[in-house]
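Trainee: Provided herewith is a single structure, encoded as structure tokens, for subsequent inquiry.
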Amino acid sequence: MAQVILEGITRRFEKVTAIENITFKVPDGEFWVLVGPSGCGKSTILRTIAGLENVSEGNLYLGETLVNKIPARQRDVAMVFQNYALYPHMTVAENLAFGLKMRKTDKKVIAQRVETVARSLNIEHLLHRKPKQLSGGQQQRVALGRAIARQPKVFLLDEPLSNLDAQLRNETRAELKQLHGRLGITTIYVTHDQVEAMTLADKIVILNGGKIQQIGTPQEIYAQPANRMVATFLGSPPMNILPVKYNNGNFILTEKQYLPVNSQIQKQLNPQPGQEFDLGIRPEIMMLATAEEREGLLTVKVEIVEPLGHQTLVRGCLTGSNFIVNFYTPGYWRGYPGDVLKIKVDLAQLFVFDVSSGVTIFYREISSDLC
């Protein structure tokens, strides 16, 4: 096992810069997830670490070894691809053993490792089958097993669950987390799925446009996003972003709708009359108001109702505007498009972003024991 260090890594393809000045350190044994929208550079980073792409600028270390000029086959990393890349003419056992045979490992050692890996992944009954006889989940396990059998210093996983159906993806994600807990191999995992990122990662690296936006634990990034892009990327449905103008102690959303500015925001930002902000409101801090509540209320006209069982997701429009918001109601609530609702907002959990730069300029502080 080994730590992975990237120092100012840049990768250019002629005039196109795919990733720029990527710097982070994955400690030995940790599970890090690279996440971001399509084309953000996450797979390029993974392929650069694997040696499948060359470094244009910067230094890349595996352990204490600078590997910029070391070919992929000598880096002692194992990569699992989105399409699994199994050899169709080989059995499961032969696929699991392939990397070891290429290293001229002793046959007894190969047989022992194949048996051990197959048992740990619950695929020992599949050893004599070929890939075309396996389900997607089984093929995914074989691809993981082939990487595990090599006992590499680093695992690199490029969206390995994206071809699975939703239920199997959830089950396999849990198994993958348990597997890492047993093996403790340094792992870097690429996904566009924020749920995978939040549930698997020791640390998340958020990328956009080939640049790092933020690095932190799932709790840190969710509660203290560095900017508007990070805030809206993590969370499903995403954070509601509403343009507001400050006036007389309130954030003005429309001519008749406003939210009071609490003392923490007043103290930290010292907003001036007419100053504009982007206000962030997560759907989970919005709820149906009771008849007695008077402060922090918004009036919303329901557009779409999506029952989820334990709760209901509602999409609505702030009356007097075109601003769309998502929020939750209890699962037993029955509402219909066209209903007009009073929604209570938890004013202590608002986010405030700079309009021009998108940088987060206010979030609620969280205690250090949550990070």
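We did not get these values from a lab; they are worked out from the coordinates using the rules stated. All figures in this text were calculated on a predicted structure; none of them were measured in a lab. Neighbour counts are summed over all protein chains in view; Cβ atoms, including those assigned to glycine, are modelled from backbone coordinates with ideal geometry.
Trainee: Would you work out the relative contact order for the range 75-188, in percent, from Cα pairs under 8 angstrom that are 6 or more residues apart?
Mentor: 40 percent
Trainee: Tell me which of Ile304, Gln219, Ile343 sits at the most positive position along the dipole axis of the chain, charges placed on C-beta atoms (Lys, Arg +1; Asp, Glu -1).
Mentor: Farthest towards the positive pole: Gln219.
Trainee: Apply 1/(1 + (r/R0)^6) to the Cβ-Cβ distance of Arg364 and Thr10, taking R0 = 51 Å, and write down the FRET efficiency to the nearest 0.05.
Mentor: 0.90
Trainee: Classify the range 295-344 as rounded, prolate or oblate, taking a ≥ b ≥ c as the square roots of the eigenvalues of its Cα gyration tensor: rounded when a/c is under 1.5, otherwise prolate if a/b is larger than b/c and oblate if not.
Mentor: prolate
Trainee: For Lys15, which lysines qualify as cross-link partners when the Cα separation must be under 17 Å and same-chain residues fewer than eight apart are set aside?
Mentor: Lys211
Trainee: Give the cross-link partners of Lys153 among the lysines, using a straight C-alpha distance below 24 Å as the criterion and excluding same-chain residues fewer than 8 apart.
Mentor: Partners within reach: Lys25, Lys42, Lys69, Lys101, Lys104, Lys107, Lys108, Lys177, Lys203.
Trainee: In debye, nearest 20: dipole of the chain around its Cα centre with unit charges on the Cβ of K, R (+) and D, E (-)?
Mentor: Around 1480 debye, computed over the chain.
Trainee: Return the long-range amide H neighbours of Ser56 (sequence gap of 5 or more, or a different chain), with a cut-off of under 5 Å between placed amide H atoms.
Mentor: Thr10, Arg11, Arg12
Trainee: Just want the ordering: Lys153, Lys104, from fewest to most Cβ atoms lying within 10 Å of their own Cβ.
Mentor: Lys104, Lys153
Trainee: Just to verify a number: FRET efficiency for Met90 and Thr23, C-beta to C-beta distance, R0 = 45 Å, to 0.05?
Mentor: Computed FRET efficiency for Met90 and Thr23: 0.70.
Trainee: While we're here: Quick check for me: using +1 on Lys/Arg Cβ and -1 on Asp/Glu Cβ, what's the dipole size of the range 240-370 about its Cα centre, in debye to the nearest 20?
Mentor: So the magnitude is around 240 debye.
Trainee: While we're here: Mind listing the long-range amide H neighbours of Thr319? Cut-off is under 5 Å, sequence gap 5 or more, other chains count too, H placed in the peptide plane at 1.01 Å from N.
Mentor: Thr299, Val300, Lys301
Trainee: Go through Ala78, Val55, Met229 and say which Cα lies farthest out towards the positive end of the charge dipole of the chain; charges sit on Cβ, +1 for Lys and Arg, -1 for Asp and Glu.
Mentor: Ala78
Trainee: Next question. Where does the charge balance sit around Asn170 when Lys and Arg score +1, Asp and Glu -1, over other residues with C-beta under 14 Å from its C-beta?
Mentor: Computed value for this residue: -2.
Trainee: Among Met90, Ser135, Val244, which residue has its Cα furthest toward the positive end of the charge dipole of the chain, with +1 on Lys/Arg Cβ and -1 on Asp/Glu Cβ?
Mentor: Met90
Trainee: Any aspartates and glutamates with Cα under 15 Å of the Lys130 Cα? List them, leaving off those in the same chain fewer than 8 positions away.
Mentor: Output for Lys130: Glu94.
Trainee: What are the ³J(HN,Hα) values, in whole Hz, obtained from phi via the Karplus relation 6.51 cos²θ - 1.76 cosθ + 1.60 with θ = phi - 60°, for each residue of the range 30-37 in sequence order, with x given for Gly and Pro?
Mentor: Computed from phi, the couplings for the range 30-37 are 8, 10, 10, 10, 9, 9, x, x Hz.
Trainee: Over the chain, what is the relative contact order in percent, taking alpha-carbon pairs closer than 8 angstrom and at least six residues apart?
Mentor: Computed over the chain, the figure is 15 percent.
Trainee: Scan [x] 14.9; [y] 22.8; [z] 19.7 for the value of mean projected area of the Cα convex hull in nm² calculated from this model and give just the label.
Mentor: [y]
Trainee: Let me ask another. Return the long-range amide H neighbours of Asn68 (sequence gap of 5 or more, or a different chain), with a cut-off of under 5 Å between placed amide H atoms.
Mentor: Sorted by chain and number, the residues that satisfy this are Leu60.
Trainee: Still on this structure, I have one more. Got a sec to turn the phi values of the range 213-223 into Karplus ³J(HN,Hα) couplings, 6.51 cos²θ - 1.76 cosθ + 1.60 with θ = phi - 60°, whole Hz, x for Gly and Pro?
Mentor: 3J(HN,Hα) across the range 213-223, in whole Hz: 9, 6, 10, x, 5, x, 5, 4, 5, 5, 8.
Trainee: Across the range 333-346, in residue order, what do the Karplus-derived ³J(HN,Hα) couplings come to in whole Hz, using 6.51 cos²θ - 1.76 cosθ + 1.60 with θ = phi - 60° and x for Gly and Pro?
Mentor: These are the phi-based 3J(HN,Hα) values: 5, 10, x, 9, x, x, 4, 10, 10, 9, 10, 8, 10, 6 Hz.
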